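A quick write-up on the structure given underneath.
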Amino acid sequence: MRKRLLAALLTTMMVVSMLATTALAVEMEITGTSKDFPVTVCSENSSKSYQEITDDDALVVISKDADGEIQVHQNNDVDPRIPGWPNWLYVYAHNDGNDNWSVWAKNIGLDWIDKVTLNVRVYNERGLQHSLNYSEEGIIQAFPRRMAEGYTRGWTRIEVRNIRGFDEGDYGTIPDVNLYR
Amino acid sequence: MSYFQTDDYDELFKYFFDVYTIAFTKGLATDEFENIRQQIPNLNVDHDKRVSFFLGEGLSLLREAYTPNVLALLLDHLCIEFLGTGISVEQLQIINLSKYLIKSLYAFDISEFLFMARFWSKQTKIYAEEHFYPSLPIDIQEKYLHRHY
């Protein structure tokens, strides 16, 4: 937990720019919360907007002031274990222009994500050619993590399904991500 | 010199007829493919089941979405495991043909397989006419077999 806390603090400046990017670039649906320690995960197929953090008990609170500037407030008095500490997960499929494909997960939240699991289904004109489960642990902020890569001759559709982000013993899910060719 | 003209090769080609049919009509990641993958024929030369092992393992690699080069590497790796184990020349020849057919399947280029008809026995050709060709997708039948409905 200490390691994760340090990581969060050291990357504060990075987080600010990241949030700005998030707010501008991603229209996402926020789903899949838990009772005590939510993991909020997002996909590219959503409609709701970015959710601002205002939890007074949080170790780091990010908010906007009256001028619209993003402010970062640090509270050193609270326990490192942060109820409601939010994570965001962004998952996308990538096509390199030929029959190779890849699936990436990007942590666009404030804390590490313990684990991400998902299922990838790849079709070509002859049917379902690949259905594979993948899991990656320790997803740090900002840097995309390659979750899966593969080759399917003449692929026409990639479905990323059952996407789950795990953190603090809980998990959230996000809608499927599809890529067509 | 005639190649692939034994009962074992007949059985092997018929097995791949079914494998190709499922791959081209259902897909590699289906229960149908898994079922047919496990129905490996009993070959006379395969007394110690090394060919069966290769077919089972080799076809299972198709599900992993490796690139063609990686698939070829892993198939070669499987073959190398047999070196020095007392495997017969006949078994190695069947494994070699199987490797070729697996790689052609992964490329979804059925023409490679159909061009091998010149090596099929008379019985295998008749079997293909009656069972294999009609089960292929219509566009393949029209393009490669000149069968128009």
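FYI, it's all coordinate maths here, none of it is from the lab. Just so it is clear, the model here is predicted, and its values are computed rather than measured. Cβ sites come from the backbone with ideal geometry, for glycine too, and all protein chains shown count toward neighbours.
Tabulated results
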| item | result |
| --- | --- |
| Within-13-Å neighbourhood charge of B:Glu129 [Cβ basis; K, R +1; D, E -1] | +3 |
| The range A:124-181 - charge dipole about Cα centre, Lys and Arg +1 at Cβ, Asp and Glu -1, debye rounded to 20 | 460 debye |
| More than 19 angstrom apart: percent of Cα pairs within the range B:63-116 | 34 percent |
| The range B:7-144, relative contact order [Cα under 8 Å, separation at least 6], % | 33 percent |
| Computed Rg/Rh of chain B, alpha carbon atoms with Kirkwood Rh | 0.95 |
| Value of [θ]222 nm, deg cm²/dmol, for chain B, DSSP H segments ≥ 4, -39500 (n - 2.57) each, nearest 500 | -18000 deg cm²/dmol |
| Shape category assigned to the range B:103-149 from the gyration tensor of Cα positions, a/c cut at 1.5 | oblate |
| Cα shape, the range B:1-56, gyration tensor, a/c 1.5 rule | oblate |
| Centre separation in Å (Cα based) which lies between the range B:38-114 and the range A:130-181 | 31 Å |
| Counted charge near B:Phe24, where neighbours are those whose Cβ lies closer than 12 Å (Asp, Glu -1; Lys, Arg +1) | -2 |
| Total lysine pairs under 26 Å (Cα atoms) in chain B, excluding pairs fewer than 8 apart on one chain | 21 |
| Cβ-placed point charges (K, R +1; D, E -1), dipole of the range B:7-144 about Cα centre in debye, nearest 20 | 200 debye |
| Most positive-pole-ward Cα, B:Asn44, B:Leu73, B:Leu55, against dipole of the range B:7-144 from beta carbon charges | B:Leu73 |
